[in-house]
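Remarks on the structure that follows.
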C-alpha cells in the first residue's frame, strides 16, 4: 500500500502546487476543445475537397507563422510576462474558433476562409506555445519542472482521447459547427485560471531588457550547446515527417478503412490512450538522458511503421496505443532536456525553437505526407513518417558516439534541487 502511495506522490508531485493545479485543470478543458476542433476541421476539409494534399496544405498554413516568426516570438516571451501574453493569445484563439463555428453554422464556409483562419491561428500559436512551455517553470520552479512537463504532456494526450470522442458524438448528433463553438467556450476556462493564479507564488527569472540582437544571441547559444543543438535537430526531423498524425489518421480512416469522422476519432483516441499511460510512467521516471531520447525516437518510428502494415482497423488501434506511448515519452523527454539544459533568461528563445522544430516544421512535412497519402496510399504516408523517426534516431546515435571522448550525454534529474548545468558537465562513454 505504501508503495502505491509513494508512486502516486512521485508521479503527481507537481500537482501539490496550487498555481500549477489550477493551470492544469484549465489547460485540460481547453485542450479537449482544441482536439474537438482539430477533428472537426480535418473532416470538414476532407468533406469539401476529398484531398489529402489540401488537408496537408491547411495544416501547413496553420504552422507557417510558427516556422517564420517562432524564433522572434521566443524573444518576446523572454521580454514580457508570460501570464499576460497567454491572456491575450487565449482570448484571440477563442474568437477565431467562434468565427469558424459561425461560418460553418450559417453555411457560408469556403476553403479560402479555412486557409485564412488557420493562418491567423498560427500567428497566435507562434507566441502562445513558447509562452505556455516556459510558463510551467514559473509555476513549479526547476525542482518539479520535469514532473510538471510530463503531466502536462500526458494531459494533452488525455485530451486527445476525450476531444475526438466528443467530436465524433457532437458531429453525429448536433453538427460540425458545435465543435468549434465548444472549443471557443473552452478557452474561457484558461483565461479564468490565469486570473486566479497568484503572481506572488510564481518563480519569475530575470527577463531580457531589450529585443535588438537577442534573436541572434539565442541562435548562437543553441548552436554552442551540444544537447540543445542535437535535441532540436532530432525534433526537427521527427516534427517534419513523423508528427503528421493529424494528416495520416484521417486519410487512413477515410480511404483505407472507408470510415467516417467516428473512425478518425477512434484512431486518435487509441493513440491518446497510449500517451496517457506513457505520460504517467514518464512522470515517475527519475532522470532523462540524450540516449533515452534517441531510443524513444527509434521505437516511435518502429511502432508507426507497424501501424502502417496492420491489415485491419482493430490491429491498427493496438499499434496506435504503442505509438501514443512512445510519442508522449519523446515529447516530454525533449522538452525537459531543453528546459533544464537552458539558462533561465534564454528559456523562452530555446522553447520557441523547440516549437519551430516540433510544429513549424509541419509546413514542410504536412503537404508532403498528404501528397504521399493521396498519390500512393495512406499506409505509405505512415511508413514514411515512421522511417523519419528511425533516421532521426540514427542521427542521434552518430552524434552521441562522436562525443564519447569529449562530453557526456547529460543526465537531467527530475525532482532534484538544481537542474544539471549541461555546459559544465564532463561526458562519459555510452
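For the structure I just gave you, tell me whether residue 14 is more than 18 Å from residue 129 (Cβ to Cβ) and crowded, with 24+ Cβ neighbours inside 10 Å. Talk me through it step by step, then tell me what you get.
Values: more than 18 Å from residue 129 (Cβ to Cβ): yes; crowded, with 24+ Cβ neighbours inside 10 Å: yes.
Here the answer is yes, as residue 14 does meet what is asked.
Test residue 194 against the criterion of being at pLDDT 85 or above, over 30 Å from residue 314 (Cβ atoms) and under 22 Å from the mean Cα position of the chain (by Cα), and give yes or no.
Taking the combined requirement at face value, the residue satisfies it.
Can you confirm whether the stretch 97-109 contains a residue that is assigned to a helix (DSSP H, G or I) and either closer than 30 Å to residue 219 by Cβ or in contact with a strand residue (DSSP E or B) (Cβ under 6 Å, 6 or more places away or on another chain) (or both)?
Restricting attention to the stretch 97-109, the residues satisfying the condition of being assigned to a helix (DSSP H, G or I) are 97-106.
Checking the rest, the ones that are also either closer than 30 Å to residue 219 by Cβ or in contact with a strand residue (DSSP E or B) (Cβ under 6 Å, 6 or more places away or on another chain) (or both) come to none.
There is no residue in the stretch 97-109 that is assigned to a helix (DSSP H, G or I) and either closer than 30 Å to residue 219 by Cβ or in contact with a strand residue (DSSP E or B) (Cβ under 6 Å, 6 or more places away or on another chain) (or both).
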Original post:
Picking from 155, 138, which residue would you name as being touching a helix residue (DSSP H, G or I) at 6+ places or on another chain (Cβ under 7 Å), assigned to a helix (DSSP H, G or I), touching a residue at least 60 places away in the same chain (Cβ under 8 Å) and over 26 Å from residue 323 (Cα atoms)?
Top reply: 138
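Which one of 23, 115 is touching a residue at least 24 places away in the same chain (Cβ under 8 Å), under 29 Å from residue 240 (Cβ atoms) and either out of contact with any strand residue (DSSP E or B) (no Cβ under 9 Å at 6 or more places or on another chain) or assigned to a helix (DSSP H, G or I) (or both)?
Values: 23 fails: under 29 Å from residue 240 (Cβ atoms).
Unique residue meeting the criteria: 115.
The values are calculated or read from the model by the stated rules, or taken from the named source; none is laboratory data. It should be emphasised that the depicted structure is a prediction, and the values quoted were computed from it without experimental measurement. Because the Cβ atoms are built from the backbone with ideal geometry, glycine has one as well, and the counts that use them run over all protein chains shown.
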